[in-house]
Structure formats: structure tokens, C-alpha cells
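Visitor: Questions regarding the structure given below will be posed in turn.
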Amino acid sequence: MTEPQTWVLLGVFSTLMLGGMTFMSASINRTLTAMRDGINIRFDAVDRRFDDVDRRIDRLTDRMDETDTKLDGLRTEMTTLTVRVDHLDRDVNAVIRRMWGEPPVQ
């Protein structure tokens, strides 16, 4: 082989190696980009799920607050009813004592 042929072979070999490395770099870059996009899509889906869960928790919290309000109203009504029953019991005892001739309780 002559010297010019050797230089041509070295040039062709270098060109093939650089071209192969360029192709591999571009291929790896496209693969990584596709993987990153896929991961971003999955994260977006997970974020939407978390948003749905947050909305559900907010609705449950609102319902629990409404229930607490209703229970507070019920407690107030029960307290009022207890006072009324106590007064009714006192009045009935007074009537019975008067009917049987016992002295009234102070």
C-alpha cells in the first residue's frame, strides 16, 4: 500500500468512527428525551390523582364540618330538652306532693 492510500484509509476510518459516535450520541439523546417525556407524563398523571384525592379530602372535611355544626345544634337542643324535663319533673313532684298532702321541697 502506498502512503496516499494509507492516509485515505485513515481518513475513512476516522470519518466512520466520528459518524458512528455522532449517530450513537444522537440516538442516546433521543432515547433519553423520550424517557424523560414519558416520566413527565407519568408524574402529571400522579399529580392529577393527588389533586383528585385533595379535592375528595376537602369535600370530606366540609362534610365533617357540617356534621359538627349539626351535632352542636343537637347538643344545644338536648341541653334545652334536659332542662325542660328537669323542670317538668320538679313540677310533677310538686303536684304529687300537694295531692298527697306532703310539705313542698325547698
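None of the figures in this text is laboratory data; all of them are computed from the coordinates on show. Here the structure is a predicted model, which means the values were calculated and not measured. Counting neighbours? That spans all protein chains shown, and the Cβs are built from the backbone with ideal geometry, glycine included.
Visitor: How far apart, in nm, are the 7 Å Cα→Cβ label points at D54 and E3?
Guide: Calculated label separation equals 7.4 nm.
Visitor: Then there is this: So what's the angle, to the nearest 10 degrees on a 0 to 90 scale, between helix 3-100 and the longest Cα principal axis of the chain?
Guide: Rounded to the nearest ten degrees, it is 0.
Visitor: On a full-extension model of 0.36 nm per residue, what is the gain between R75 and T31, subtracting their alpha-carbon distance, rounded to one decimal in nm?
Guide: Numbers: separation 44, 0.36 × 44 = 15.84 nm, distance 6.50 nm.
Contour length minus Cα-Cα distance gives 9.3 nm.
Visitor: For segment 16-73, build the convex hull from the C-alpha positions and give me its volume per residue in Å³. Intermediate values should be presented prior to the final figure.
Guide: Details: hull volume 2.1 nm³, N = 58.
Cα-based convex hull of segment 16-73, divided per residue, equals 36 Å³.
Visitor: Among residues other than V92 whose Cβ falls under 13 Å from its Cβ, what is the net charge (Lys/Arg +1, Asp/Glu -1)? If you can, show how the numbers build up before the last one.
Guide: On the way: positive: R84, R90, R97, R98; negative: D86, D89, D91.
Net local charge, V92 excluded: +1.
Visitor: Note down the net charge around L71, summing +1 for each Lys or Arg and -1 for each Asp or Glu among other residues with Cβ under 12 Å from its Cβ.
Guide: Numbers: positive: K70, R75; negative: D65, E66, D68, D72, E77.
Taking every other residue near L71 into account, the sum is -3.
Visitor: Further, regarding this structure: What three numbers, in Å, describe the spread of the alpha carbons of the chain along their principal axes, ordered from the longest?
Guide: Extents along the principal axes, in whole Å: 145, 17, 14.
Visitor: Summing -39500 (n - 2.57) over the DSSP H runs of n ≥ 4 in the chain and dividing by its residue number, what mean residue ellipticity at 222 nm do you reach, to the nearest 500 deg cm²/dmol? Spell out each step's value before the answer.
Guide: On the way: 1 runs with 98 residues, N = 106.
Helix contribution divided over all residues of the chain: -35500 deg cm²/dmol.
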